[in-house]
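Worksheet: the structure to be examined is printed underneath.
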There are 2 protein chains.
Amino acid sequence: MSRRAVMVVMDGLGDRPLPEFEGRTALEAAETPNMDRLAAEGVNGLMDPLAPGVRVGTDVGHLALFGYNPLRVYWGRGPIEAAGVGLDLRPGDVAFRANFATVSTDGRILDRRAGRLREGTAELAAALDSMLLSDGTRVVFRAATEHRAVLVLRGERLSPLVSDSDPGPLGEGGPVLPLLPRMEESQAARRTAELASEFVERAAGILAEHPVNRERVDRGLPPANYVLLRGAGVRRPMRSLAERFNISGACVAAECTIVGIARMTGFDVVTDERFTANLDTDVDAKAAAAVDALEEHDLVIIHYKGTDIASHDEKPKEKVRFIERVDAALERLISAAERYDLYIAVTSDHSTPCHLREHSADPVPVLLWGGDVLTDGVRSYGERPCVAGGLGRLSANALLLTLLDYLGVTYRFGG
Amino acid sequence: MSRRAVMVVMDGLGDRPLPEFEGRTALEAAETPNMDRLAAEGVNGLMDPLAPGVRVGTDVGHLALFGYNPLRVYWGRGPIEAAGVGLDLRPGDVAFRANFATVSTDGRILDRRAGRLREGTAELAAALDSMLLSDGTRVVFRAATEHRAVLVLRGERLSPLVSDSDPGPLGEGGPVLPLLPRMEESQAARRTAELASEFVERAAGILAEHPVNRERVDRGLPPANYVLLRGAGVRRPMRSLAERFNISGACVAAECTIVGIARMTGFDVVTDERFTANLDTDVDAKAAAAVDALEEHDLVIIHYKGTDIASHDEKPKEKVRFIERVDAALERLISAAERYDLYIAVTSDHSTPCHLREHSADPVPVLLWGGDVLTDGVRSYGERPCVAGGLGRLSANALLLTLLDYLGVTYRFGG
């Protein structure tokens, strides 16, 4: 039988003790017979996305899980989101991650996600796309998942050295930040910051009058009347997984960030309308798609966003329920081990403790299951049980390399 | 009493669960009362030669164990093998690791090791040594352990950027690979590849007619009728252990690779005809030689190859027996603790799971024993028991530094 591997990533899985569960984490409180079985039959450990104490975003966490050194290949979330919506960045393009947001008339951020709106974003984006800025720089604007969108500035002598106008979750209720050059002495950075500001101002005017927003206001919903920007970046060349290890990979995901990283790193993307990158995703359909993808791919990564959503919204019980649904879906993967010499890894891109509503640097639990892994004494999958695991404490890069080594595709360094 | 340290390296020790032993590894299945005692009285852990998930060769694994960063000092196995046979490379020399092999008339590799031949290699090597190549480049050719040999090209404007003709274990049965420049635009690389090819072709002609081979064919043995090349490299300057830590080291070994690394790093080499770098080595005589070497040396490293040989040949029971013989020989080292304030480390350079017949990136178990080490709860020496050890998961470089720190010879970083 040919060797195959599946990595199941529950975004923001890691947590801290929760009073709701007598000090257990969401994962520890969840009923997870399949994960527990895999943990008991496999090898376990704690994983840091980059290194202990380093807090990462979903993009950086996934670049590391996909086997890249974010310190080398990462420059801003913009280019990743652009790849996620299928935009092919040209040399010189500067891409921003954008949020449709609700901002008051005096410039305070009422809702960074405009009520996590889902409908009408394509129409809103179309109203902003192709805008021509004062010096001839062209705007490319695309809606992504839910409130997320991508802004690309396409013109001459642009710079990615532009600060964020989005202050992040802790800035909600406060003012929109000014878009400033990150390097005052760079004329290109000053100019790009001014062009981005011009776009944001004109976009606000267009969005205020847009029928989608008029209807939202009529329905009592927060209007998507503003575009918050962050993560300005340019495209950097990356060697694909296929080039590096001569294997084929597939990624089952819906969130544009993950889809973007998968595309940038040469994974085939498997997506579907039933995959929502939220709590209401079809958890089981994703697992089924992963099993299908195993036929033609050596490595399949499944991304589940629900855990992170529930954590950011401080809904520990929904987090538990989502984990339990993922656990049930693991049945399909375990059954696939009848057809392949299969390795299964279950882990996360970073911790998002519910009571913080934000990412933390806590390591995440990881399990690795397969016919010839060295077992350890761990009997269940959780932040605390995994401490005693045979993998010890390792980085996300090291986990992917370990998985690739079990697949037998790593290179030997030395004679 | 003066402080001394011995490191016992069982090459390719680490393994994965073996069905022959109900899922135990060879080390776990072996009866090892001495190792178990040292583990119970010492501190234990899991060790990665370089880093988790990185698979290494014996040369790189040992450079790391000897305290060097292979990413800085390693450039090909050739120069190490040259040092191993006592060849002093000159600036400009390019050295290759060579194998006497059996190749069919249509260029397929029948046996990469010509039946692991042991006799007649000095005569075969002598017939190839001193060959003058077409442009005046001179050949230096020496036999090493068993089927192994060293080719040095000595001439003007040579380059180590030449690919391997040896496809490795998985290439047996397939064709000899062409020797090509690794950098097409380098004239020196192109020329060196051509010179190496010229040598190989002329060598095949000489070997075919050689009496040693005629006799092998008569006896039904595979003839050593071809020279496979790999690991082209040049000498790189290295600071010796004595220079770095002001201590004296000895290495008890027979395999040319290990002997070469020991010489390059300033260890005195202790070898003997009874040491064969194979399963039939005199295990106990090596331990006795190590005890003798302790009189004049602060650090003694003993290398046992048998574990790796048994693993590459998929002979788990022979691996177990060899480990048990090493365990018995440890008595001598333990007794030496009456005369010295002695530290004993037992570990490996990399894993070679028997059913893979190849190196893997699995970490290896390590134990460190001595009067003042902090003990842990580990009660026996094995891949799984060591998970719970007080050393955690560390790199080979870190292990050597830890050992040197117990010897009291490390430098304090800071005031």
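The values are calculated or read from the model by the stated rules, or taken from the named source; none is laboratory data. What you see is a predicted model; the values in this text were computed from it and never measured. Methodologically, a virtual Cβ is constructed for each residue, glycine included, from the backbone with ideal geometry; neighbour enumeration extends over all protein chains shown. Ligands, DNA and RNA are stripped out before the accessible areas are found, and what is left, the full protein with its side chains, is counted by its heavy atoms. Shrake-Rupley method; radii C 1.70, N 1.55, O 1.52, S 1.80 Å.
Does A:A95 qualify as being farther than 12 Å from A:V152 by Cα and open to solvent by less than 40 Å² (accessible area, probe 1.4 Å)? So A:A95 fails the test.
When A:I109 is tested against (1) part of a loop (DSSP other than H, G, I, E, B); (2) β-branched (V, I, T); (3) crowded, with 22+ Cβ neighbours inside 10 Å, just one condition goes unmet, and that condition is (1). Counting only residues that are among the basic types (K, R) and touching a residue at least 24 places away in the same chain (Cβ under 8 Å), which one in region A:129-182 is farthest from A:Y226 (Cα to Cα)? Looking at residues that are among the basic types (K, R) and touching a residue at least 24 places away in the same chain (Cβ under 8 Å), I get A:R157. Within region A:288-313, residues that are over 16 Å from A:G14 (Cβ atoms) sit with their Cβ atoms under 7 Å from residues that are open to solvent by 10 Å² or more (accessible area, probe 1.4 Å) and part of a strand (DSSP E or B), at 6+ positions apart or across chains, in these pairs: A:A289/A:V270; A:A293/A:V270; A:L294/A:R4; A:H297/A:D268; A:D298/A:R4. Anything in region A:359-380 that is in contact with a Pro (Cβ under 6 Å, 6 or more places away or on another chain) and more than 14 Å from chain B (Cβ to nearest Cβ)? List them, or say none. Hit for region A:359-380 is A:S360, nothing else.
Regarding region A:398-413, can at least one residue be identified that is touching a strand residue (DSSP E or B) at 6+ places or on another chain (Cβ under 8 Å), part of a loop (DSSP other than H, G, I, E, B), more than 8 Å from chain B (Cβ to nearest Cβ) and over 20 Å from A:L63 (Cβ atoms)? No: region A:398-413 contains no residue that is touching a strand residue (DSSP E or B) at 6+ places or on another chain (Cβ under 8 Å), part of a loop (DSSP other than H, G, I, E, B), more than 8 Å from chain B (Cβ to nearest Cβ) and over 20 Å from A:L63 (Cβ atoms).
Give the residues of region A:192-230 that are part of a loop (DSSP other than H, G, I, E, B) and either within 26 Å of the chain's Cα centre (by Cα) or within 18 Å of A:D106 (Cβ to Cβ) (or both), sorted by residue number. Result: A:P222, A:P223, A:A224, A:N225. Number of residues in region A:88-101 that are farther than 18 Å from A:R202 by Cβ and in a strand (DSSP E or B) equals 2. The set of residues in region A:263-276 that are in contact with a strand residue (DSSP E or B) (Cβ under 6 Å, 6 or more places away or on another chain) and either open to solvent by less than 10 Å² (accessible area, probe 1.4 Å) or in a loop (DSSP other than H, G, I, E, B) (or both) contains only A:F267. If you filter region B:367-413 down to residues that are of a type in the set (D, E) and either open to solvent by less than 30 Å² (accessible area, probe 1.4 Å) or free of Cβ contacts under 8 Å to residues at least 12 places away in the same chain (or both), you find that the one that is nearest to A:G377 (Cα to Cα) is B:E383. The number of residues in region B:112-128 being crowded, with 17+ Cβ neighbours inside 10 Å, of a type outside the set (A, V, I, L, M, F, W, C) and closer than 30 Å to B:E156 by Cα comes to 1. I'm trying to understand the selection: among the residues of region A:174-187, which are open to solvent by less than 30 Å² (accessible area, probe 1.4 Å) and farther than 22 Å from A:E81 by Cβ? Once the filter is applied, which keeps residues that are open to solvent by less than 30 Å² (accessible area, probe 1.4 Å) and farther than 22 Å from A:E81 by Cβ, region A:174-187 yields A:G174, A:S186. Listed by position, the helices (runs of 4 or more DSSP H) contained in region B:22-87 that have at least 3 residues being surrounded by 24 or more Cβ atoms within 10 Å (Cβ to Cβ) and within 12 Å of chain A (Cβ to nearest Cβ) are B:58-65, B:78-84. Flag set for A:I344, criterion: in a strand (DSSP E or B), touching a residue at least 12 places away in the same chain (Cβ under 8 Å) and touching a helix residue (DSSP H, G or I) at 6+ places or on another chain (Cβ under 8 Å). Taking the stated definitions as given, is A:V387 within 14 Å of chain B (Cβ to nearest Cβ) and modelled with pLDDT of 95 or more? Yes; evaluated as a whole, the condition is true for this residue. Only one of the numbered conditions (1) closer than 30 Å to A:T410 by Cβ; (2) more than 11 Å from chain A (Cβ to nearest Cβ) is not met by B:D327, and that is (1). Being open to solvent by less than 20 Å² (accessible area, probe 1.4 Å), over 30 Å from B:T271 (Cβ atoms) and assigned to a loop (DSSP other than H, G, I, E, B) is the filter here; which residues of region B:145-173 pass it? The answer is B:S159, and nothing else.
Pairing each residue of region B:4-17 that is more than 14 Å from chain A (Cβ to nearest Cβ) with any residue that is aromatic (F, W, Y), provided the two are 6+ apart or on different chains, yields C-beta distances under 6 Å for B:R4/B:Y340; B:A5/B:Y343; B:M10/B:Y304. The number of residues in region A:175-191 that are closer than 25 Å to A:A125 by Cβ and not in a loop (DSSP other than H, G, I, E, B) comes to 2.
Here is a yes/no grid of residues against (1) on the phi < 0 side of the Ramachandran plot; (2) open to solvent by 10 Å² or more (accessible area, probe 1.4 Å); (3) assigned to a loop (DSSP other than H, G, I, E, B):
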site: B:I261; (1), (2), (3): yes, no, no
site: B:N278; (1), (2), (3): yes, yes, yes
site: B:V291; (1), (2), (3): yes, yes, no
site: B:I302; (1), (2), (3): yes, no, no
site: B:V320; (1), (2), (3): yes, yes, no
site: B:R325; (1), (2), (3): yes, yes, no
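Residues that are open to solvent by 10 Å² or more (accessible area, probe 1.4 Å) and among the β-branched types (V, I, T) within region B:227-246 comprise just one, B:V234.
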